[in-house]
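Structure first, then comments.
A short reminder: the numbers here are calculations on the coordinates, not readings from a lab. For clarity, every value in this text was computed on a predicted model and none was experimentally measured. Cβ coordinates were reconstructed from backbone atoms using ideal geometry, including for glycine residues, and neighbour counts include every protein chain displayed.
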Amino acid sequence: MFAPLGRKTVIWHVVKNALRTVEQVTLIIKPKFEKHFRNFLPSKDFDQKVQFAFQPKARGSADALRHAYKQKRIPLADQILILMGYQPLFPSQYFNALFNQNIVQKTLATVSTMKIPKDDPDFEKCGVVEFDELGNFQRIVKTSQVAKAPIL
């Protein structure tokens, strides 16, 4: 996340690309990392368009959003884009296309997923999702069902 990509960090590029499409970015982080994020995301680069919410203990994405909501850090908007720091660096055109597709199809949410092989050391930490034959999201498979779920 703080690894360099050119002269800036990866997180700097993720935020910069997102701000080409959205008006506000909220980063949900552990409180102890605030100083690091502020150093790598200087306000002069983002005109106060980046705010922080804090999740004291990593308990998953839904818990992170709950903390951000309780801290009044979720903006009132027609659409909210949720990105994970470990996802590939998407260009802003990708976000525009997602938003436009969601509007046309009246989609409530778009979930970005990655294929991870079962033999990956982090596989057990990952959630598993199921898609239909057209590639449409169907459900989140419970961790107790990981062994039964097809690997996508």
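Could you tally the net charge around Arg7, taking each other residue with its Cβ under 13 Å from the Cβ of Arg7, Lys/Arg +1 and Asp/Glu -1?
Around Arg7, the surrounding residues sum to +1.
Test of understanding: ordering Leu65, Leu134 by Cβ neighbours within 10 Å, fewest first, what list do you get?
Taking fewest neighbouring Cβ atoms as first place, the list is Leu134, Leu65.
Counting other C-beta atoms within 10 Å, which of His67, His13 has the fewest, and how do the rest follow?
Listing His67, His13 from fewest to most nearby Cβ atoms yields His13, His67.
Mind checking which lysines have their Cα closer than 27 Å to the Cα of Lys118? Skip sequence neighbours fewer than 8 apart in that chain.
The reachable lysines, counting only those whose Cα sits under 27 Å from Lys118, are Lys57, Lys142, Lys148.
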